[in-house]
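Since the structure comes first, as structure tokens, the remarks are kept for the end.
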Amino acid sequence: MESINRFGPELLLLAMAGLILISDLAYGLVSLRLPPRRFIFPGLALAAVAGSILWLVALVATDTDGPAFNGAITVDKFSLFFGFLFTSVCAVIIVASLDLLRGSRYYAEYIALVLASTAGLMLLASGRDLIAIYISLELVSICLYVLVAFLKDGRSAEAGLKYLLLGAVSSAVILYGMAFLYGLSGSTNLDGIARALAGASESQRHAYLFAAVLLTAGLGFKMAVVPFQMWVPDVYEGAPTPITAYLSVGSKAAGFAVVMRIFLEGLADKAIADDWANMFAVIAVISMTLGNVLALPQSNIKRLLGYSSIAQAGTFLIGLAAVAANDPQVALGSSSVLFFLATYAFTNLGAFAVVIAISSRIQSDRIEDYAGMSRRSPLLALALTFCLLSLTGIPPTAGFVAKLYIFDAAVQANLVWLAIAGAVNSVIAAYYYLRIVLTMYTLEPVNAESFLPTPPLALAITMATVGLLVVGIFPFPLIDASETAVRVFG
């Protein structure tokens, strides 16, 4: 029962996903007058998310740390941090999807897939066994393949197919890396792998490093870092906008959570840690530079945010590179990644929620069609501006604190050149972020008709932007939570 208790938050989401699918059948089989699906299913989903959050709070309050199911997963401060993050993201995505689902026949399937994928994301952060991590990864991936193609039009179907094919390749590469680790260590548990690596010979350490390269390549697809980012622009453009937001936040955060869990627990031995830290540093610079340069000419705001997410992923990797560059900086480097992930999540969710509200009204994702938006919908223009300033790293937004934190981690780890590269790329990013702001505030609108977001979108936008402002002004509670979460890595 102790294992079930520790698995409770994920189990509740999975159970509700099944209940929603079964309830959907009742609408066709039962002649009773039932509440409309557009009301009952989102309500059930949000109730499950609230229940999962309360269960997480109970685990924190009772200090219920420890392994579950023979060490396959664990409850610790790290997994709890991501549990709160993923459930919060799930709630925002469900609220932001209500307009998309209006009139759709597939309410139940959509919401059930979001809940199931959220449970998978939470399991990825808590997995301490390679088999459990891989199964969780496939649960998330299969759900997202379907959600990306949800609209079933030409672009959505193409995006879903591309994501499926490239995702299958990345899964195979991850499995090869895991197979190497198992063959070398004789264990699928991260503790067993760490013990085997500590006593490995020189030639075996080279093989461990090769496994690390394979895992970086496969998980690099989930993190959307160069050179594994080729799917991002097309998938972001073709997927439903709420799912684009979900991909840019949930999938990316889970990818970094898995990388931190595997590399900081299983592959943390200094014999290879310096090598994979250097690898992350190089990938960070290339990802930041290529993502920002390719974002400059974009005219579609979803594609622009897609390339932006590649550049932001490179910034996350600065913190990972700082982890192994200097042993005393393990806490500083890894906690900076967690803090950045949390602030980026709500920044991007807020930005995409505004894009949903505006694009659904003007029926366009082209940046030039955002002209004069400050006159048509001042609150939406202000919210998008605030989110873009946070992505740029301008105070008093949370993004400024996050970039300052992660650059400080690089400097403290004697990676000054990496911090300088990040700062230069932030200046490049400011050009295309502020170009959107200037379009909204300085150009004349094509249509002067004013409009407001629907209540669900207004709620999602308010949740994200208020959170960014609060964290920007009072960042210390979230910083403390990030530092507490990474203490599990010693």
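The values are calculated or read from the model by the stated rules, or taken from the named source; none is laboratory data. If you're wondering where the values come from, they're calculated on a predicted model, not measured in any experiment. Virtual Cβ from ideal backbone geometry, glycine too; neighbours counted across all protein chains shown. Accessible surface is based on the protein model in full, side chains and every heavy atom, while ligands, DNA and RNA are left aside. Shrake-Rupley method; radii C 1.70, N 1.55, O 1.52, S 1.80 Å.
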Is it the case that some residue within the range 184-203 is over 17 Å from residue 135 (Cα atoms), among the polar types (S, T, N, Q) and assigned to a helix (DSSP H, G or I)? yes
Within the range 61-79, residues under 16 Å from residue 8 (Cβ atoms), in contact with a helix residue (DSSP H, G or I) (Cβ under 8 Å, 6 or more places away or on another chain) and either at pLDDT 90 or above or in a loop (DSSP other than H, G, I, E, B) (or both) come out as 64, 65, 69, 72, 76
Looking for something modelled with pLDDT of 90 or more and under 22 Å from residue 70 (Cβ atoms) - is there at least one such residue anywhere in the range 35-55? yes
Go through (1) over 17 Å from residue 390 (Cα atoms); (2) in a helix (DSSP H, G or I); (3) modelled with pLDDT of 85 or more for residue 343 and report which single condition fails. (1)
Residues being within 30 Å of the chain's Cα centre (by Cα) and over 20 Å from residue 488 (Cβ atoms): count how many of those fall in the range 182-200. 1
Number of the condition not met by residue 206 [criteria: (1) of a type outside the set (Phe, Trp, Tyr); (2) open to solvent by 10 Å² or more (accessible area, probe 1.4 Å); (3) under 21 Å from the mean Cα position of the chain (by Cα); (4) at pLDDT below 90]: (3)
Number of the condition not met by residue 110 [criteria: (1) at pLDDT below 85; (2) assigned to a helix (DSSP H, G or I); (3) over 27 Å from residue 228 (Cα atoms)]: (1)
Look at residue 213 and say whether it is crowded, with 24+ Cβ neighbours inside 10 Å and of a type outside the set (S, T, N, Q). no
Test each condition in (1) open to solvent by 10 Å² or more (accessible area, probe 1.4 Å); (2) part of a helix (DSSP H, G or I); (3) at pLDDT 85 or above for residue 297 and report the one that comes out false. (2)
Given the conditions (1) surrounded by fewer than 16 Cβ atoms within 10 Å (Cβ to Cβ); (2) within 16 Å of residue 263 (Cα to Cα), which single one is not true for residue 193? (1)
Scan the range 170-183 for residues that are of a type in the set (A, V, I, L, M, F, W, C) and either surrounded by 15 or more Cβ atoms within 10 Å (Cβ to Cβ) or not in a helix (DSSP H, G or I) (or both) and jot them down. 173, 174, 175, 178, 180, 181
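For (1) more than 19 Å from residue 231 (Cβ to Cβ); (2) open to solvent by 20 Å² or more (accessible area, probe 1.4 Å); (3) at pLDDT 85 or above; (4) within 16 Å of the chain's Cα centre (by Cα), each residue gets a yes or a no:
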residue: 119; (1), (2), (3), (4): yes, no, yes, yes
residue: 127; (1), (2), (3), (4): yes, no, yes, no
residue: 155; (1), (2), (3), (4): no, yes, no, no
residue: 165; (1), (2), (3), (4): no, yes, yes, no
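One line per residue, one yes/no per condition, for (1) closer than 15 Å to residue 280 by Cβ; (2) among the aromatic types (Phe, Trp, Tyr); (3) at pLDDT 85 or above:
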| position | (1), (2), (3) |
| --- | --- |
| 219 | yes, no, yes |
| 226 | yes, no, no |
| 230 | no, no, no |
| 234 | no, no, no |
| 244 | no, no, yes |
Can you tell me which of 466, 427, 401, 471 is free of Cβ contacts under 8 Å to residues at least 60 places away in the same chain and more than 26 Å from residue 299 (Cα to Cα)? 466
If the Cβ limit is 6 Å and pairs must be 6+ apart or interchain, which residue in the range 78-96 that is under 13 Å from residue 463 (Cα atoms) pairs with which residue that is not in a helix (DSSP H, G or I)? none
Find the helices (runs of 4 or more DSSP H) located wholly in the range 227-274 whose residues include 1 or more that are more than 30 Å from residue 186 (Cα to Cα) and not acidic (Asp, Glu), and list them. 232-238, 241-246
If I filter the range 311-332 down to residues being closer than 16 Å to residue 487 by Cβ and open to solvent by 10 Å² or more (accessible area, probe 1.4 Å), which single residue comes out as modelled with the highest pLDDT? 332
Restricting attention to the range 409-420, does a residue exist that is within 27 Å of residue 373 (Cβ to Cβ), in contact with a helix residue (DSSP H, G or I) (Cβ under 6 Å, 6 or more places away or on another chain), in contact (Cβ under 8 Å) with a residue 24 or more places away in the chain and not hydrophobic (A, V, I, L, M, F, W, C)? no
May I ask you to list the residues in the range 265-292 that are hydrophobic (A, V, I, L, M, F, W, C) and farther than 20 Å from residue 344 by Cβ? 267, 268, 271, 272, 273, 276, 277, 279, 282
